[in-house]
Amino acid sequence: MSATLLSTLPQPEPVAAPAARLALKSDGATHGLLDGAWWPRSRDLLSELPALTAVLDPLWGRITRVAVNAMYWPDIPHKIPVDGHVVKAGWFTEFDPHKLLLLSYGTGRWDLLIIPPETGAESAARLMAAASGHDGTSLTASALIAADEAGVSAVVPEQPGPSSRPAVGR
């Protein structure tokens, strides 16, 4: 039996992970219940969190812990490797299912609206504007989602303030 060995097999091109779809309040924004919004592409926290922390670590300091409600996340590993460090993940059933809590050691806590991955682009844009708006929102994450689904436009500001950060990775 004979075999042919190829010494130069074609190497696949490295594929960069897509950027996080994220909108954050500006530094001078009035604080509400949320600090911004995140629109993940799937419900796989292990694959989605690295892109999010790649954006947030330089802004907020190294993210060390996250917490979610297990309702919409089928698998929540206790430790998630991200860019050379590990983020510890926890879940709570009493936690708002449309919110992500982020902790940065010694720096602070942030709450992001989680826009469901299956949400259409128009709804996601409205929700991102509402959660990251300059004036802040007094609605919870789930209340924002419910209001958008019901078509309540008063919840979403018509135009974000001039100092609002633009969405990242559209």
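The values are calculated or read from the model by the stated rules, or taken from the named source; none is laboratory data. Bear in mind the structure is a predicted one, so any value in this text is a computation, not a measurement. Backbone-built Cβ (ideal geometry, glycine too); neighbour counts: all protein chains shown. Just the protein is used for accessible areas: all its heavy atoms, side chains included, with ligands, DNA and RNA removed. Shrake-Rupley method; radii C 1.70, N 1.55, O 1.52, S 1.80 Å.
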field: Estimated FRET transfer efficiency when R0 is 41 angstrom, pair V86-V152 (beta carbons, to 0.05)
entry: 0.55
message: For a quick check: with amide H placed at 1.01 Å from N, whose amide H comes under 5 Å from H98's, ignoring anything fewer than 5 positions away on the same chain?
response: S142
- line: A 1.4 Å probe over the protein heavy atoms gives the stretch 35-151 a carbon and sulfur accessible-area percentage of 55
field: Cα→Cβ-extended label distance, 7 Å offset, between D75 and T93, nm
entry: 2.3
message: For a quick check: with amide H placed at 1.01 Å from N, whose amide H comes under 5 Å from A89's, ignoring anything fewer than 5 positions away on the same chain?
response: V66, K79, I80
field: Table column - 3J(HN,Hα) (Hz), the stretch 39-54, Karplus curve with 6.51, -1.76, 1.60, x for Gly and Pro
entry: 10, x, 8, 8, 9, 9, 4, 4, 8, 8, 4, x, 5, 5, 5, 4
- prompt: Spin-label point model (7 Å from Cα, Cβ direction): what's the D44 to S26 distance in nm?
  reply: 3.7
statement: Per-residue accessible area, 1.4 Å probe, largest first, puts K88, K99, K25, K79 in the order K79, K88, K99, K25
Per residue accessible area in Å² of the stretch 52-153, where ligands, DNA and RNA are left out and the probe is 1.4 Å: 50
